[in-house]
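The values are calculated or read from the model by the stated rules, or taken from the named source; none is laboratory data. Keep in mind the model is a prediction, meaning the values are calculated, not measured. Glycine gets a Cβ as well: all are built from the backbone with ideal geometry, and neighbour counts include every protein chain shown. Calculation scope for accessible area: heavy atoms of the full protein, side chains included, ligands and nucleic acids excluded. Shrake-Rupley method; radii C 1.70, N 1.55, O 1.52, S 1.80 Å.
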Amino acid sequence: MNRISPHTLQTLRNDLDVARVITRLGMPSKIRGPRIAVRCPDCGRYETTTSPDRNLVRRFRRARGFNPIDLVMAQRGDTFLQAVRYLEDVLYGP
């Protein structure tokens, strides 16, 4: 079984900049001041924006938030473990 340390999970959720994840995923986005509007991985609308102080992507109409792990899972269709491994590559890879 592949165990993920709590420190790694905390780092991926809270410290890995969600804007970097959006760029790495190639998600369509628009700069709006200090925030980035991204196309929602669920519905495809630009009603989703980053919250830099919380490191989240927030979908207001559906009241759903995506941390970096959730975002990868929704955008790529990955399992939790696959998303964690992908983000480890984003964080520690080239």
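Observations on the structure shown:
- Labels on offer are (i) 6.3; (ii) 5.2; (iii) 12.7, and the one holding mean projected area of the Cα convex hull in nm² computed from this structure is (i).
- Averaging the sequence gap over all C-alpha pairs within less than 8 Å and six or more residues apart, then dividing by the number of residues, gives the range 27-94 a relative contact order of 17 percent.
- For the pair Glu47 and Glu88, the difference between a 0.36 nm per residue extended length and the Cα-Cα distance amounts to 12.0 nm.
- Acute angle (nearest 10 degrees) that the helix 80-92 long axis makes with the longest principal axis of the chain, alpha-carbon atoms: 90 degrees
- Dipole magnitude (debye, nearest 20) for the range 46-88, charges at Cβ of Lys, Arg, Asp, Glu: 220 debye
- The magnitude of the dipole of the chain, with charges of +1 and -1 set on the Cβ of Lys/Arg and Asp/Glu and taken from the Cα centre, is near 440 debye.
- Sulfur and carbon atoms: percent of accessible area, the chain [1.4 Å]: 48 percent
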